[in-house]
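These notes concern the structure reproduced below.
The values are calculated or read from the model by the stated rules, or taken from the named source; none is laboratory data. Predicted model only: the values in this text are computed from it and were never measured. No Cβ is skipped: glycine too gets one built from the backbone with ideal geometry, and neighbour counts run over all protein chains shown.
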Amino acid sequence: MMQTRPEDQLAIVLGQRQLIAVCCMFLVTMGLVATLAYVSGRSISAAQLAEGPCASEKAKAMVVEPASSPVPPPMHAQAETLPPMPKAVVAAPAPAPVTPPAPSVDAPPAPGSTYWQVGVVDRGIAGVFVEHLTRMGLRARVADGQTPGFPRVLVGPLPTQASVDETKARLDKSGFQAFLKKY
């Protein structure tokens, strides 16, 4: 017997580029096979249609019905004409969806007043913020922001340091991140 040495054996080592190339070739081959299957299936069905009606007669399915059917035969419905609707009855138009109006921008805050700014958001979202903050018992308002169409949502005015601290604690507890804004 002849001994084989490791140097005599053939080893195939593929790098990343070679693996990608092999995978791409496999995908292209599978695409060609799928395309050929599709085209051959269409050509067979076209050939069957070209044969005409005699081919369809051969391919008809046989229907076997039981001798005594427990199911009654189907009933045929006949359409009736309805009398015309009286002219006095008019369908009411569907009510328009109720959307809360966008909050109007309040007058500018008074100089020297202190507020917690909760956000600079779209007018519709500002209305949601103000409504939520008002339900929490806070005095919320909308003021002009630096960008048109994106007003500030403010909580205040806060005249004392105690009210500033209390309001900040309530905002933090509710998950609002706010910063102090002095006008």
Could you tell me whether any residue of segment 158-181 is β-branched (Val, Ile, Thr) and under 32 Å from the mean Cα position of the chain (by Cα)? no
Just to be sure, is Val71 outside the structural domain of Arg170 (by TED's automatic domain parsing), over 30 Å from Lys181 (Cβ atoms) and modelled with pLDDT under 60? no
Quick check on segment 151-183: of everything there that is among the small types (Gly, Ala, Ser) and without any contact (Cβ under 8 Å) to a residue 12 or more places away in the chain, which residue is nearest to Pro111 (Cα to Cα)? Ser163
Filter segment 150-164 for residues that are of a type in the set (Ser, Thr, Tyr) and closer than 18 Å to Phe176 by Cα and give the result. Ser163
Just checking, how many residues over segment 130-140 are in a helix (DSSP H, G or I) and either of a type in the set (Ser, Thr, Tyr) or buried (at least 20 other Cβ atoms within 10 Å of the Cβ) (or both)? 3
Residue pairs, Cβ under 8 Å, 6 or more apart or interchain, first in segment 120-144 and acidic (Asp, Glu), second surrounded by 15 or more Cβ atoms within 10 Å (Cβ to Cβ) and at pLDDT 85 or above. List them. Asp144/Pro151; Asp144/Arg152
